[in-house]
Structure formats: C-alpha cells, structure tokens
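Have a look at the structure below before the remarks.
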Protein chains: 2
Amino acid sequence: MARIVMKFGGTSMAGIERIRSVAQRVKREVAAGNQVAVVVSAMAGETDRLVGFCREASPLYDPAEYDVVVAAGEQITSGLLAIALQAIGVPARSWLGWQLPIATSDAHSRARIGDIDTVALDASLTAGHVAVIPGFQGVDPDGRVTTLGRGGSDTSAVAVAAAMKAERCDIYTDVDGVYTTDPRIVPRARKLGRVTYEEMLELASVGAKVLQTRSVGLAMKEKVRVQVLSSFTGDDAPMADTLPGTMIVGEDEIGENDTVERQLITGIAHDKNEAKITLVSVPDRPGSVGSIFTPLAAAGINVDMIVQNVAHSAGSTDVTFTVPAADLPRSLEVLNGADIGFEKLVHDTRVAKVSVVGVGMRSHAGVAATMFETLGARGINIQAITTSEIKVSVLIEEDYTELAVRVLHTAYGLDSEVAA
Amino acid sequence: MARIVMKFGGTSMAGIERIRSVAQRVKREVAAGNQVAVVVSAMAGETDRLVGFCREASPLYDPAEYDVVVAAGEQITSGLLAIALQAIGVPARSWLGWQLPIATSDAHSRARIGDIDTVALDASLTAGHVAVIPGFQGVDPDGRVTTLGRGGSDTSAVAVAAAMKAERCDIYTDVDGVYTTDPRIVPRARKLGRVTYEEMLELASVGAKVLQTRSVGLAMKEKVRVQVLSSFTGDDAPMADTLPGTMIVGEDEIGENDTVERQLITGIAHDKNEAKITLVSVPDRPGSVGSIFTPLAAAGINVDMIVQNVAHSAGSTDVTFTVPAADLPRSLEVLNGADIGFEKLVHDTRVAKVSVVGVGMRSHAGVAATMFETLGARGINIQAITTSEIKVSVLIEEDYTELAVRVLHTAYGLDSEVAA
C-alpha cells in the first residue's frame with residue numbers, strides 16, 4: 001500500500017465524460033491498494049471565463065474578491081469528481097481549501113502555501129476515502145479565500161503530496177512526459193525516464209511548459225517524487241507506477257543505469273517570449289549598472305540575460321539584457337523615466353533564447369564550446385550568453401530557433417534512432 | 001440611518017452590465033446613510049448548468065457534493081458584486097456562507113438555516129462596508145457546504161435581515177410588486193401597497209410566484225418587513241423606502257388608511273400544477289381514509305384538497321383529492337401498491353385551483369357564497385373546495401381558469417379604474 005497524489009489539469013476535467021474517465025483511472029489506483037488524494041484543476045476555459053468577469057467588472061479588481069470568484073472553478077470540478085467516483089463505487093469526498101485547511105499567505109491571487117493540516121485528511125485516507133482537493137486555492141490567516149496564481153494546481157498537488165508524505169505525485173498532462181526537446185521541432189526527440197529537479201527547473205523556466213516552475217522548486221525542497229504522465233492513455237494502460245512517464249527526482253535517485261545511458265546533456269529548451277534591450281553609451285562608472293536594474297526590479301520586472309560590453313574609449317559602455325516580451329512596454333517606460341544617462345535605447349523582440357541543460361555538464365568541460373561551434377558552423381550569430389552550473393543559454397535571432405535546436409540536439413547525441 | 005438588506009435574483013445578476021446596475025442601486029442606499037447587506041443569487045442559468053453537471057455525473061449524486069458544486073454559482077456573483085461596488089467607490093466585501101458563518105442543518109440540498117453569527121458582520125457594517133452575501137448557501141455542523149433548495153436565496157435574505165435586525169428586507173424581482181391577481185389574465189389587476197404575511201403565504205402557495213413560500217414563513221416568524229420591488233426601474237427611480245413596491249408586514253401594521261381602502265379580498269390566485277385523483281368505492285369504515293393518505297405521506301407526497309363524498313348505500317364512499325401534478329405518477333404507484341380496497345382509480349391533470357385570499361374575510365360572512373354564485377352564474381362547475389381562515393379555494397376544469405379569475409376579480413371589487 002502506498003499513498004499517492006494524482007493531479008489532473010483542465011483538459012482532463014473538461015466535461016463530465018472526461019471527469020468519468022479520470023474517475024476510472026483513480027479507481028484503478030485505489031483497487032491496487034493505494035490511498036489516493038486527487039488534486040483537480042477547473043474545467044478548461046472556466047478560469048479564463050471567471051477572470052474575464054472580474055476584469056469586466058473592474059480592471060482594478062480587488063484581488064481578494066477575484067480569488068473568491070476564480071476559486072469557484074476548482075470547487076465545481078472537485079464536487080463533480082467526488083460524485084463521479086461515488087457513482088462507480090469508490091468512496092470519495094471533496095475537501096475545499098478552507099476545509100482541510102490549506103493555509104496560505106494573504107498575497108491574494110499569488111498566495112504561497114504555508115501549512116496543510118493533515119489531521120482530517122489522514123483520517124479520511126485511512127478510512128479508505130479518496131480525497132478530492134481543488135487545486136489553486138487556499139485560505140489566508142483571516143479566513144479569506146486565496147489562489148496561488150495561474151497554473152498553481154501543480155503546486156497544490158506537490159504541497160499536498162509533501163503534507164501527506166505521498167510516495168509520489170503523478171501529474172497527468174496532455175503530454176506523456178518530458179522530452180529532450182520539443183518533438184514538434186525535433187521528431188527524433190526522446191522521452192526522458194528521469195530528470196533531476198534542477199534540470200527540470202532549468203527546462204521549465206526556459207520554456208518546456210510541462211510543469212509550473214514553482215511546483216518543481218517546491219518538489220525539490222520537500223523531496224517529493226513527481227511523475228509526469230499522459231492523461232490520454234486508454235483505460236487499459238499500465239498502472240501509473242509502471243507507466244513510461246518521466247519521473248522527476250533528486251540527483252541521488254539517478255542510479256547506475258541512468259548514468260550509463262545518460263548523455264552529457266539532458267535536454268534542449270527554447271523560449272521566444274524574450275525581448276532584448278540595449279542601452280548604448282551608458283556612463284562607465286560605479287553605480288551606473290545599478291541605476292539601470294534597480295528601477296526595473298522596483299517595477300517587478302525580471303531581467304534575465306545581461307551582457308556588459310567592453311568600455312568605449314570615451315568612458316562609456318553598452319549594456320544589453322533581456323526581459324519578458326510582455327514587460328517590454330513597461331520596461332521602456334521605466335528606463336526612459338530613470339536617471340541613467342544612456343545615449344540611445346534599442347530594443348528587439350525578434351530574439352529567442354536557446355538553452356542546453358544537464359547535470360552531466362558539471363563534470364565535463366567543453367559543453368559551451370560545442371554549443372558555440374555548432375551554432376557558428378550554421379552561421380547563427382550569438383547575441384548574448386548566460387550560464388549556470390547545469391545550463392548554457394544563448395540569445396539568437398528568432399528565425400534561427402528551430403534550426404539551432406535541431407543542430408544542437410544532434411551535436412549532443414540526443415537524437416533517438418527512430419522518429420517519434 | 002437604517003440597516004437594510006437588498007436581495008437580487010438571477011436575472012439582476014445575469015452579466016457584468018446588470019451587476020454594475022445593481023451596484024449603482026446599492027450605492028444610492030449607502031449614500032442615503034444606510035448600512036447595507038446585499039444577498040445575491042447566481043447568474044440566471046448558472047444554477048441549472050451546475051445542477052445539470054451533477055445529474056450527468058450521476059443521477060444518484062451525493063447531495064453533499066451537489067452542494068459544493070452548485071454553491072459556486074452564488075460565490076461567483078458575490079465576489080463580482082463586491083468588485084463592482086468597489087469600482088464605484090463603495091467599500092464592500094463578500095462573506096461566503098462558511099465565513100459569516102450561516103449555520104444550517106446537515107440536510108444537504110434542502111438545509112434549514114439555524115443561527116447566523118453577526119459578530120464579524122456587525123463590525124463590517126458599522127465600519128461602513130457593504131456586506132455581499134451569497135444566497136442559497138450555508139455550512140453544516142461538520143463544516144461542509146450546504147444549500148437551501150431552489151429559490152433559497154429569498155430565505156437567506158430574510159434570515160440575514162432577521163439576524164442583523166434590519167429595518168426591512170428589499171427583494172428585487174422581475175415584477176414590481178404583488179398584484180391582486182396575475183395582470184396577464186386581468187389587465188385591471190391592482191398592485192397592492194401592503195399585504196400581511198398570512199395573505200402572502202396563501203397567495204404564494206397557490207401560485208403567485210413572487211416570493212418563496214418558505215421565506216415568507218420565516219419573515220412572519222421573525223417579524224421581518226419584506227418589500228417586493230422591481231429590479232428594472234431606472235437609476236433615477238425613487239429610493240426604495242419611497243418606492244411603490246409591495247410591503248409584506250404583520251397585521252398590526254395594516255393601519256387605518258389601509259383598512260379604509262382595503263377590500264374584503266386581497267387577491268385571487270390560480271394554480272394549474274395540480275392533479276386530481278378520485279378513488280371510487282372505498283370501503284366506508286374507520287381507518288379506510290388513513291390507508292389512503294398514510295402511504296402517500298410516507299412517500300413525501302403533499303396532498304392538498306380532500307373531498308369525501310356521502311357514503312353510497314352499499315357501505316362504500318368516493319374519495320377525491322389533489323396532489324402536485326409532478327407527483328402524479330408516483331402517487332398512482334403508491335396507491336395501486338397500497339392495501340386500500342377501492343374499486344376504481346380516476347385521475348385528471350386538466351384541473352386548476354382558484355383561490356380568493358384576504359384577512360378581511362375573517363369578519364365577513366358570505367365570501368364563499370359570492371364565489372360559488374359568481375362561478376355558477378358562468379356555468380363553471382366546482383369539483384372540490386377547501387377553506388382556511390383567510391382563503392377559499394375551488395378546483396375547476398383547467399380551461400375555465402382565466403374566466404374564473406376574471407369574473408371573481410370583478411365580483412370582489414378588485415378591478416382598478418385603468419388597465420395596467
């Protein structure tokens with residue numbers, strides 16, 4: 001017997017027919033002797049509908065009331081799944097965020113989970129009842145409804161798994177695992193059996209949209225084993241503990257076999273939602289870099305890649321960096337209003353960030369060199385570079401994104417023998 | 001300064017444009033110096049949508065989970081109205097059923113309201129905040145979500161008004177008050193300025209669908225003054241305390257002026273949702289009537305009018321009664337399965353109940369006689385009769401309903417001078 005958490009997204013909950021199929025899948029885990037908590041999203045489209053109502057009511061809506069409105073979406077699906085489970089003979093009940101409770105901060109619309117009380121939950125699971133828990137929602141210290149921000153249901157699932165000491169947290173998605181890269185770009189991309197939390201964080205944050213970055217960070221902190229699985233496999237699919245999804249685990253769980261088979265690089269990600277800004281001829285003196293990034297930080301804009309060029313002879317330098325494309329207009333406003341003293345501001349949204357990720361690169365020199373050579377051989381110009389312990393990212397012209405991903409996938413030996 | 005409750009139905013909450021117009025109306029009451037709680041229904045159609053989901057998930061759904069699902073409808077509108085109020089400068093917050101809390105019994109999907117805690121509500125109202133409260137919902141002793149049954153929002157509004165000792169409870173509906181009869185049948189029907197709780201109960205339960213019967217009963221018990229108003233009056237309409245809606249009050253509030261103007265009969269109601277059942281040749285001995293009605297009661301079927309004919313010479317009698325038309329199939333099943341011993345069962349849904357209602361009839365003989373004569377003069381046959389202290393009801397052939405209502409309206413002097 002094991003305790004597991006199963007998490008289903010909006011596509012899996014879109015309509016009663018699909019909710020019934022989720023119930024069947026849950027039933028199989030229960031029949032196998034597991035104690036199961038299910039974390040559900042709202043029906044696909046429902047959260048957008050509710051958010052739209054709030055925006056229409058007031059563009060400057062009160063986030064506390066927004067939370068009351070949008071939390072209703074997951075409340076509905078959790079009740080419906082409990083009904084669908086009972087209908088096939090599986091004892092089940094819903095536990096709303098305030099009922100468990102799932103305590104969060106009072107940062108409405110982007111609350112952070114604190115404690116999850118497990119007294120009632122433990123009793124219910126031990127009694128053999130499936131606990132159906134709406135994702136995305138909690139309750140703050142004043143007893144008001146909170147939500148965790150878009151995509152927060154993954155985080156709810158991992159937090160519940162940590163609280164109930166689950167053996168693993170199965171995240172059912174519309175992909176069947178984490179791939180070495182986007183299979184739409186590289187048909188020979190391979191599904192990864194295991195990735196480490198750190199790799200998944202880098203892959204997620206650079207554009208592999210399988211899991212919320214935040215949920216991976218939480219899983220790493222709480223050591224929750226997360227499995228990414230397809231929700232579209234038929235009823236006769238193998239049980240989740242033998243399914244060929246991708247398991248996201250600590251580095252200690254990457255065993256002998258993995259190491260033998262393992263490539264230097266785990267995956268290649270790309271992200272077209274960046275915008276590049278260059279400030280030309282910024283005074284080259286102490287404090288001038290601070291005068292650029294302090295006001296951006298104050299405006300809540302995340303700066304990613306930063307390149308400071310060699311100083312011009314005239315005592316000035318050019319500074320290039322990237323921000324999320326959606327934040328570009330606001331960034332320009334902030335920069336033009338700040339006291340920086342640049343000569344000219346140039347910006348460009350026709351850029352893409354391509355990253356190679358892998359814990360293996362720690363012990364191998366030459367990963368970055370291979371990347372630069374490979375791209376150079378195809379005439380792809382590198383506009384900026386950032387590196388971390390397990391990642392090298394380059395900024396290139398957007399039109400070359402797919403080409404870059406493809407040649408790097410081959411260069412690092414990631415191509416499978418057959419096309420997917 | 002007064003405390004008032006304003007209640008808006010699903011039509012008033014159907015879409016953000018209408019919710020904005022509700023907010024404007026609330027603002028005017030606040031600007032007049034009132035402390036206001038607003039009780040809201042779900043958007044028109046939303047409860048049906050959610051109920052449909054539950055039924056589709058399982059025809060035998062768990063009512064506790066049904067409550068979780070359907071309570072979401074009012075949760076959504078309460079958050080949206082709070083946002084719309086804040087947007088026009090009116091401090092407001094939503095209070096969900098479990099937050100106040102509104103304590104109810106654990107009879108899911110048809111719970112009864114117990115206590116409403118007013119500590120937090122009082123503090124919030126005194127601080128000048130409008131309290132937006134979802135109707136229809138509460139929380140049971142185990143902390144689970146409950147709902148009060150369809151149309152329960154009227155009952156929520158009256159219960160909140162009683163708890164906060166409101167001066168009155170304004171129910172905004174799609175009619176502008178209570179009329180002497182259905183104006184679609186009698187264009188010269190008059191709007192009533194005041195009716196007593198008892199009259200309203202009789203009018204509501206015989207088919208004048210303005211207010212939930214249950215809410216009127218609660219208002220009578222708790223002495224809450226209820227006003228029925230139109231929600232479609234424009235922004236320049238007079239304030240609710242001078243609006244020509246209908247006030248539902250205790251008999252002690254029916255003053256001199258009312259008495260002078262007041263007719264013997266307050267209103268005439270009709271109800272086509274009855275079915276007539278006649279059991280022919282039931283043994284005429286002690287206990288035989290019990291053998292008919294006990295099994296019906298056990299099946300939860302409300303029997304309304306009952307007529308026992310004079311015994312036949314052969315020691316048997318005919319018994320005629322009515323049940324809600326929707327319960328007819330189940331009633332026939334119960335009766336055919338019971339040990340009664342009738343010779344034949346005849347049933348008919350082409351009947352209607354027409355009732356004259358008024359506290360004035362207490363002190364006046366001859367009300368029933370006028371009714372029978374008036375109907376007889378038009379050749380309308382009376383199939384059954386029931387009376388209460390303030391009501392006389394007759395069962396007639398359905399086709400004569402409108403004619404009966406019209407001639408009675410004239411006979412009791414209820415016609416106004418001009419057609420509506």
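Details
- Meets criteria (at pLDDT below 95, in contact with a strand residue (DSSP E or B) (Cβ under 8 Å, 6 or more places away or on another chain), open to solvent by less than 50 Å² (accessible area, probe 1.4 Å) and not β-branched (Val, Ile, Thr)) for B:LEU414: yes
- Subset of region B:96-109 [surrounded by fewer than 24 Cβ atoms within 10 Å (Cβ to Cβ), on the phi < 0 side of the Ramachandran plot and either more than 9 Å from chain A (Cβ to nearest Cβ) or in a helix (DSSP H, G or I) (or both)]: B:LEU100, B:PRO101, B:ALA103, B:SER105, B:ASP106, B:ALA107, B:HIS108
- Single condition A:GLY143 does not satisfy, out of (1) at negative phi; (2) modelled with pLDDT of 95 or more; (3) not basic (Lys, Arg): (1)
- Boolean, A:ALA44 is of a type in the set (A, V, I, L, M) and away from chain B (no Cβ under 11 Å): yes
- Filtered residue count, region A:113-158, keeping only those that are of a type in the set (D, E, K, R) and within 20 Å of A:MET1 (Cβ to Cβ): 1
- B:ILE16 vs. criteria at the interface with chain A (Cβ under 8 Å from one of its Cβ atoms), modelled with pLDDT of 95 or more and out of contact with any Pro (no Cβ under 7 Å at 6 or more places or on another chain): yes
- Residues (open to solvent by 50 Å² or more (accessible area, probe 1.4 Å), aliphatic (A, V, I, L, M) and under 17 Å from B:LEU332 (Cβ atoms)) located in region B:265-297: B:ALA297
- For A:ARG144: the one exception among (1) open to solvent by 10 Å² or more (accessible area, probe 1.4 Å); (2) more than 10 Å from chain B (Cβ to nearest Cβ): (2)
- Here A:GLU333 clears all of (1) of a type in the set (D, E, K, R); (2) in contact (Cβ under 8 Å) with a residue 40 or more places away in the chain; (3) more than 30 Å from A:VAL195 (Cα to Cα) except the condition numbered (2).
- Leading residue by the ranking (surrounded by the fewest Cβ atoms within 10 Å (Cβ to Cβ)) among those in region B:66-87 that are more than 26 Å from the chain's Cα centre (by Cα) and within 9 Å of another protein chain (Cβ to nearest Cβ): B:ALA87
- For region A:372-397, the set of residues classified as open to solvent by less than 50 Å² (accessible area, probe 1.4 Å) and either in contact (Cβ under 8 Å) with a residue 60 or more places away in the chain or under 25 Å from the mean Cα position of the chain (by Cα) (or both) consists of A:ALA384, A:THR386, A:SER388, A:ILE390, A:LYS391, A:VAL392, A:SER393, A:VAL394, A:LEU395, A:ILE396, listed by residue number.
- Subset of region B:7-64 [of a type in the set (D, E, K, R) and in contact with an Asp or Glu (Cβ under 7 Å, 6 or more places away or on another chain)]: B:LYS7
- Any pair with Cβ under 6 angstrom, 6 or more apart, that starts in region B:346-360 at a residue that is open to solvent by 50 Å² or more (accessible area, probe 1.4 Å) and ends at one that is among the small types (Gly, Ala, Ser) and at pLDDT below 95: B:THR349/B:ALA325
- Top-ranked residue in region B:206-236 [being open to solvent by 60 Å² or more (accessible area, probe 1.4 Å) and assigned to a helix (DSSP H, G or I); ranked as modelled with the lowest pLDDT]: B:ARG214
- For A:GLY366, the conditions (1) out of contact with any strand residue (DSSP E or B) (no Cβ under 6 Å at 6 or more places or on another chain); (2) open to solvent by 50 Å² or more (accessible area, probe 1.4 Å) all hold with the exception of (2).
- Scanning region A:47-65 for residues that are more than 8 Å from chain B (Cβ to nearest Cβ) and closer than 22 Å to B:ASP67 by Cα yields A:THR47, A:ARG49.
- Test: residue in region B:22-29 that is at pLDDT 95 or above and under 20 Å from A:GLU46 (Cα atoms): no
- Test: residue in region B:24-35 that is at the interface with another protein chain (Cβ under 10 Å from one of its Cβ atoms) and open to solvent by 10 Å² or more (accessible area, probe 1.4 Å): no
The values are calculated or read from the model by the stated rules, or taken from the named source; none is laboratory data. Just so it is clear, the structure is predicted and the values come from calculations on it, not from any experiment. Ideal geometry is used to build each Cβ from the backbone, glycine not excepted, and the neighbour counts take in all protein chains shown. Protein only, heavy atoms only, side chains kept; ligands, DNA and RNA dropped before computing areas. Shrake-Rupley method; radii C 1.70, N 1.55, O 1.52, S 1.80 Å.
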